[in-house]
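The values are calculated or read from the model by the stated rules, or taken from the named source; none is laboratory data. Nothing here was measured: the structure is a model prediction, and the numbers come from that model. Cβ sites come from the backbone with ideal geometry, for glycine too, and all protein chains shown count toward neighbours.
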Amino acid sequence: MSKFAALLLFATVSFALPVYAEEGVAWDQLPQQEQHILHKFADRWDQLPVEKQRLLQKGASRLATMPPDKRKQALQRFKRWQALAEDQRKRVRQRYQQFKKLTPEQQRRVRKAHQQFKKLPPKERKKLRKQWRKMPPKHKKQVIRGNRKLVR
């Protein structure tokens, strides 16, 4: 292959890639299981932004490969998410971003504390939630870092 032909091929492929990257996935190209999971989007699939299509397809693909018990749990969590008001979703997203900024050790402690919290009786959880809401941000950070404990 001549240098010119190689350059022409490279230029053609290089210019074609961004166009291809902007294309979404056609509905009829989705696997049947994913179409079943995403059936609510079928009539407007082509109008969705490409990024939204990719996120939905990724989620449907994950869901399709889950064992039935995990799939059931995921669907229950998704229903709870959908039931949240937009301001509540925003707070959850913000908390998640804050969690991701923690060190791995801090994240481990938060997860461990959450597991312990879930084991508490409802009355105790309510009391601790109230205490947490009243706590100044400075003290909350100390609790997360492990330098301060909540009083039960």
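Worth pointing out:
- Test: residue in region 116-129 that is under 30 Å from K40 (Cβ atoms), at pLDDT 90 or above and not in a helix (DSSP H, G or I): no
- For region 73-112, filtered to residues that are surrounded by 11 or more Cβ atoms within 10 Å (Cβ to Cβ) and part of a loop (DSSP other than H, G, I, E, B), the residue that is nearest to the chain's Cα centre (by Cα) is L84.
- Hits in region 130-152 (condition: aliphatic (A, V, I, L, M) and either at pLDDT 85 or above or under 18 Å from K101 (Cα atoms) (or both)): M135, V143, I144
- For region 48-72, the set of residues classified as more than 29 Å from E23 (Cα to Cα) and either not in a helix (DSSP H, G or I) or not charged (D, E, K, R) (or both) consists of P67, P68, listed by residue number.
- Single residue of region 50-72 satisfying the filter (loosely packed, with under 13 Cβ neighbours inside 10 Å and among the charged types (D, E, K, R)) that is nearest to the chain's Cα centre (by Cα): K58
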